[in-house]
Each structure stands twice: as structure tokens, then as C-alpha cells.
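The values are calculated or read from the model by the stated rules, or taken from the named source; none is laboratory data. Just so we're clear, the structure is a prediction, and the values are computed from it rather than from any experiment. Cβ placement follows ideal geometry from the backbone for every residue including glycine, while neighbour counts extend to all protein chains displayed. Ligands, DNA and RNA are excluded from the accessible area calculation, which covers all protein heavy atoms including side chains. Shrake-Rupley method; radii C 1.70, N 1.55, O 1.52, S 1.80 Å.
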Amino acid sequence: MSLNLQTHTEHFTNPLYLESGRILEPYDIIYETYGTLNEEKSNVVVVCHALTGSHHAAGLYEDDAKPGWWDGFIGPGKAIDTDRYFVICSNVIGSCFGSTGPMSMQYPHHEPYRYKFPVVSIKDMVKAQRILFDRLDIHRVHAIIGGSMGGMQALQFAIHYPNFANKIIAMATTHATQPWAIAFNKVAQESILNDPDFKQGYYDPNLLKEQGLSGMAVGRMAGHISFLSPESMREKFGREYKLTDGLYELFGKFQVESYLEYNGYNFTKWFDPLSYLYITKAINIYDLSRGFDSLDEALKRITSALYLISFKNDLLFKNTEMQEMAKILKKIGNRNHDYIDIDSNYGHDAFLVELDKFENNVKDALNG
């Protein structure tokens, strides 16, 4: 069977009322679908992307050098089997891949929003997706799945739209962003803001696509350190030195330094710095208990079957953060949840890389 990849954009003219009290209108949401929707519309699986992800979760475009970010997970016969399920992945508002974000044109001025774009929260991102599904006449889905910021969205769906999904699968995530993760985001934010080429938000995006933004690259390097772990770095790079560099050259590099440089500078040519600032802000202020008396009260709203998956050596969102959720769910008498801690030394990005370690758990959750 083929993946049946299709890309669509929906335009909304009704105001989107944001958590901050601000309004976004009009706005666009770009999304990608895989597989075929059945007659009853009962086979929908929603995939939520992480910070720098997009709606392009699987398959190849004609000009793609590499496939979508979860290609090993979505497709015929894979964990999220497109022979069975109709998969939808939308780009969050605030991002830079086609949904409305800070570099979108502000109606009716024909100038980019830039700093006039309102702060959006994870809850706002989810609300916009829920409105998209209403437009598509999809009012209940089989499952919602995501890792990292995608897991945050899945949990927000579970709490704020408790009758929308039969199953919620959240991995490598947390109930509220902790100081350690906020600190890494702060390094990235300051690196962007203090780069003269950022021009206080009034940069030329075409120029950045060619040249990149060195401050953002440095911030991204810090991020990459948090995505891995000491063990995975040792295994991946050891103390290997670049063969072309002399050990006693001041700017000679270890392999790990080259890796960070390559990923950091390359990243800045395809991801917008203002979007990075807005999305990291959304991650920083994320807290499932906001608007409730406690996290217990928030989690009491969940009626979906809930599957929590953490990774032992995740430095960004520690497994103890998901264990805390699991303990509360048990305490409040939620019998329809499952928690597993995957034995992994890879770090936070294990949910993107070590698919073989948890794909059977996801298959069982989806098909059970």
C-alpha cells in the first residue's frame, strides 16, 4: 500500500481567542494526511510535532533530501499503520512552515507581524487544531500521539477536550516545563536577541536563508546538548578528533564540536528565529495545572485511555516528571492509564531515534 501523502491548507476568518486574551485573525493551518479516512471517520490518528518539527511527519516530497521527521514510525505496516489509520499532522500556529506565525502577513497591512504577533500557548495551538478538525467534520479521533512538545499538546487535548480522543499517547514530555529546560531555552533566546544580524526582529528572512544566524546557531548547540546524554555523546563521538585538524591548533575540533557546529549553523537556514522565540516561550509557560487548583484537578478531567512513555536518560524532561503524573493518576483512581519508562541511554531525542525500543508499546496501545 502507498502512504497516500497529501498536503492541505485551511484558511480561517473567525477570530481565534487566545489564552492571553489576545485575538488572532485571520489565520491559516497547514496539515498533512496519510492513509485513507474510513466511512465512519473512526480511524483518525492525530500526530503532534515537537519544537522544530512540522506537518511533514512522513514520506518524501519530490525535492526532499530526507523524509518527514517520524518517517520510521508512520506508514504501511509501521507502528502508526497507514493501511489501518488515517493520520493527520498539522503545523502549529506560531511556527514557520505554513501555519500563521510571526513572519506571516498581518491583515490588512501586508507586512509581517514580527513582534506584533501575539504570544501563543500550547493550549492555543491545540485549540486551533480542534477548530481545524471541526472544519474537517472530524469530531472524535481514535488517538492523539506526540513526543516532547508534541506530548504537551497530546496532554492538553486530554484535559481540555476530554471526549475528543479514545487514546492519548504522550512521550518524552512533562506536565509543566521545569527550570532546567527553561534555562536551555534562555540561552537560545539570548543568543538570538543579541546577534546584530537579528536586527531586533527586523531581519530580512531571505538573507538568513542564505547566511544563517550565528547567534541562533550557538543557542541551538546548547539545545542539542540537552537532546542527547553524556552516554550517547560518548558512544557517538568518544574523544575522536577531526582527522584534518591538528590537536594543538587552537581551533582544531573534536568530532562532537563539529557535530554541534554543523547542526547549529545548518538549522538557522531553515528555521525562523522569531518562530523559535515564540515557540520556546510557549514551551516555557506550559503548565497543565494552569487554570486548575492543582495538577490533580487537571488530571481528573482525563477520560481517554492514557499512555505515558518516558526515557531513562532524558535530561530535558526527566522521567521523574512523568512518574509524578502516573502517581497522581493512580492516587485519583484513574484506572485507564499506563506508564512505561524505556531503558535508553540516548537522551531526549530517543523518541525520534530509538523507535524499535517503544514501537511495540505504541502498536499495542493503538490496536488494543
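Within the stretch 12-27, residues that are over 18 Å from Arg114 (Cβ atoms) have Cβ atoms under 7 Å from residues that are among the aromatic types (Phe, Trp, Tyr) and modelled with pLDDT of 95 or more in these pairs: Phe12/Tyr27; Leu16/Tyr27, counting only partners at least 6 apart in sequence or on another chain.
Applying the selection to the stretch 286-331, what residues are in a helix (DSSP H, G or I), farther than 16 Å from Asp343 by Cβ and open to solvent by 60 Å² or more (accessible area, probe 1.4 Å)? Full working, then the answer.
Initially, the stretch 286-331 is screened for residues in a helix (DSSP H, G or I), giving 295-299, 319-331.
Add one more test, that the residue is farther than 16 Å from Asp343 by Cβ, and what stays is 295-299, 321, 324-331.
Scanning the stretch 286-331 gives Glu297, Glu324, Lys327, Lys330, Lys331.
Within the stretch 67-91, the only residue that satisfies the criterion of being out of contact with any strand residue (DSSP E or B) (no Cβ under 6 Å at 6 or more places or on another chain), outside any loop (DSSP other than H, G, I, E, B) and either open to solvent by 10 Å² or more (accessible area, probe 1.4 Å) or closer than 20 Å to Leu16 by Cβ (or both) is Asp81.
Pairs are defined by a Cβ separation below 7 Å, a sequence spacing of at least 6 or placement on different chains, a first member in the stretch 38-55 that is under 16 Å from Val362 (Cβ atoms), and a second member that is modelled with pLDDT under 95 and among the charged types (D, E, K, R); no pair meets this definition.
Within the stretch 44-54, can one find any residue that is part of a loop (DSSP other than H, G, I, E, B) and surrounded by fewer than 18 Cβ atoms within 10 Å (Cβ to Cβ)? Outline the logic, then answer.
Applying the first criterion (part of a loop (DSSP other than H, G, I, E, B)) to the stretch 44-54 yields 49-54.
Cutting the leftovers down to surrounded by fewer than 18 Cβ atoms within 10 Å (Cβ to Cβ) gives us none.
No, the conditions are met nowhere in the stretch 44-54.
Looking at Thr303, Thr268, Thr280, Thr320, can you tell me which residue is farther than 28 Å from Ile93 by Cβ and hydroxyl-bearing (Ser, Thr, Tyr)? Checking each option against the conditions leaves just Thr320.
Here's the yes/no breakdown for (1) closer than 24 Å to Val92 by Cα; (2) within 21 Å of the chain's Cα centre (by Cα):
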| position | (1), (2) |
| --- | --- |
| Gly201 | yes, no |
| Leu208 | yes, no |
| Val218 | no, yes |
| Ser226 | yes, yes |
| Glu257 | no, no |
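Taking the options Met103, Met125, name whichever one is in contact (Cβ under 8 Å) with a residue 12 or more places away in the chain, farther than 22 Å from Tyr286 by Cβ and of a type outside the set (Phe, Trp, Tyr). Being in contact (Cβ under 8 Å) with a residue 12 or more places away in the chain, farther than 22 Å from Tyr286 by Cβ and of a type outside the set (Phe, Trp, Tyr) holds for just one of Met103, Met125, which is Met103.
Against the numbered list (1) in contact (Cβ under 8 Å) with a residue 12 or more places away in the chain; (2) more than 24 Å from Ala176 (Cβ to Cβ); (3) out of contact with any helix residue (DSSP H, G or I) (no Cβ under 6 Å at 6 or more places or on another chain), Pro108 comes up short only at (1). Any residue at all in the stretch 212-225 that is out of contact with any Phe, Trp or Tyr (no Cβ under 9 Å at 6 or more places or on another chain), open to solvent by less than 20 Å² (accessible area, probe 1.4 Å) and not in a loop (DSSP other than H, G, I, E, B)? Within the stretch 212-225, none of the residues are out of contact with any Phe, Trp or Tyr (no Cβ under 9 Å at 6 or more places or on another chain), open to solvent by less than 20 Å² (accessible area, probe 1.4 Å) and not in a loop (DSSP other than H, G, I, E, B).
Tell me, yes or no, whether the stretch 269-276 has at least one residue that is surrounded by 15 or more Cβ atoms within 10 Å (Cβ to Cβ), in contact (Cβ under 8 Å) with a residue 40 or more places away in the chain, under 25 Å from Tyr346 (Cβ atoms) and touching a helix residue (DSSP H, G or I) at 6+ places or on another chain (Cβ under 7 Å). Yes.
Condition check ((1) within 22 Å of Ala50 (Cα to Cα); (2) of a type in the set (Lys, Arg); (3) touching a Leu at 6+ places or on another chain (Cβ under 8 Å)) across all residues:
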{"position": "Leu308", "(1), (2), (3)": "yes, no, no"}
{"position": "Phe311", "(1), (2), (3)": "yes, no, no"}
{"position": "Phe317", "(1), (2), (3)": "yes, no, no"}
{"position": "Thr320", "(1), (2), (3)": "yes, no, no"}
{"position": "His337", "(1), (2), (3)": "no, no, yes"}
{"position": "Asn345", "(1), (2), (3)": "yes, no, no"}
{"position": "Asp356", "(1), (2), (3)": "yes, no, no"}
{"position": "Asp364", "(1), (2), (3)": "no, no, no"}
{"position": "Gly368", "(1), (2), (3)": "no, no, no"}
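The set of residues from the stretch 248-285 being in a helix (DSSP H, G or I) and in contact with a strand residue (DSSP E or B) (Cβ under 8 Å, 6 or more places away or on another chain) comprises just one member, Gln255.
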